[in-house]
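Undergrad: Take this structure, written in structure tokens, and hold onto it; I'll ask about it next.
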Amino acid sequence: MNESKKMALLAVEALEDKKAEDITIIDISEVSVLADYFIIADGSNRNQVQAMADSAEEALGRAGYDAKQIEGYQSANWILMDYKDIIVHVFSKEDRAFYTNLVVTPSFGRVCSR
């Protein structure tokens, strides 16, 4: 298993620990130089969204992966966590629904949806 896939699975486990909903992993390695995987999840309220981001950051940090950048933590509508090889998107339910309606999810590279 390659390093970026290990990172993605660690992030998913950490998100699941905080009861993340609708977790989706999208393999973008063939179409992007930005990252290998997008991990997308949502939570039902601000506290849960922040707890999910904290859990992912802690789990990845313990494994030796530090975020290049984290944005949106204070508002907790959409937290973007850039780990270079993976990008974790943690949304509030409302914001995920809004952005899902704006953007057509690509049919390529979907690894799994939980």
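Undergrad: Residue-wise, which Karplus ³J(HN,Hα) couplings in Hz belong to region 57-71, taking 6.51 cos²θ - 1.76 cosθ + 1.60, θ = phi - 60°, and x for glycine or proline?
TA: Each residue's phi maps through the Karplus curve to give 4, 5, 5, 5, x, 4, 8, x, 9, 9, 5, 6, 7, 10, 10 Hz.
Undergrad: Could you calculate the FRET efficiency of Glu3 with Arg46 from 1/(1 + (r/R0)^6), where r is the beta carbon distance between them and R0 is 30 Å, rounded to 0.05?
TA: 0.40
Undergrad: Who wins for biggest fluctuation among Ala53, Ala35, Ala14 in a Gaussian network model of the chain, springs between alpha carbons below 10 Å?
TA: Highest fluctuation among the options: Ala35.
Undergrad: Moving to a separate point now. Counting only helical runs of four or more DSSP H residues, what would the 222 nm mean residue ellipticity of the chain come to if each run contributes -39,500 (n - 2.57) and the total is spread over all its residues?
TA: Estimated from H runs of four or more residues: -12000 deg cm²/dmol.
Undergrad: Sticking with this one: With no solvent and one equal point scatterer per Cα, compute the Debye intensity ratio I(q)/I(0) for region 1-108 at 0.13, 0.22, 0.24 Å⁻¹ and report its log10, rounded to two decimals.
TA: -0.42, -1.22, -1.42
Undergrad: Taking a spot 7 Å from the Cα of Gln69 along the direction of its beta carbon, which residues of region 3-35 have an amide N less than 14 Å from it?
TA: Under cut-off, by backbone N: 34-35.
Undergrad: Find, among the trypsin sites (Lys or Arg not before Pro) in region 1-73, those assigned to loop by DSSP (not H, G, I, E, B) with at most 14 other beta-carbon atoms within 10 angstrom.
TA: For trypsin sites (Lys or Arg not before Pro) across region 1-73 that sit outside H, G, I, E and B with at most 14 neighbouring Cβ atoms in 10 Å, the list reads Lys19, Lys68.
Undergrad: ³J(HN,Hα) across region 50-55 via Karplus (A = 6.51, B = -1.76, C = 1.60, θ = phi - 60°), whole Hz, x for Gly/Pro?
TA: Working through the residues one at a time gives 5, 5, 4, 5, 4, 5 Hz.
Undergrad: Could I ask something else about it? Tell me, what is the percent relative contact order of the chain, built from C-alpha pairs under 8 Å that lie six or more residues apart?
TA: Worked out over the chain, it gives 31 percent.
Undergrad: Work out, step by step, the length gained on full extension between Leu34 and Arg62: first 0.36 nm times the residue separation, then minus their alpha carbon distance; give nm to one decimal.
TA: 7.8 nm
Undergrad: What residue among Gln50, Leu34, Thr24 has its Cα farthest toward the positive end of the dipole of region 1-69, where the charges are +1 on Lys, Arg and -1 on Asp, Glu, each on the Cβ?
TA: Farthest towards the positive pole: Gln50.
Any read-out appearing in this document is the output of simple, stated calculations on the displayed coordinates, not a laboratory observation. Keep in mind that what you see is a predicted model, and the values were worked out from it rather than measured. When we count neighbours, we look across all protein chains shown, and the Cβ atoms used for this are built from the backbone with ideal geometry, even at glycine.
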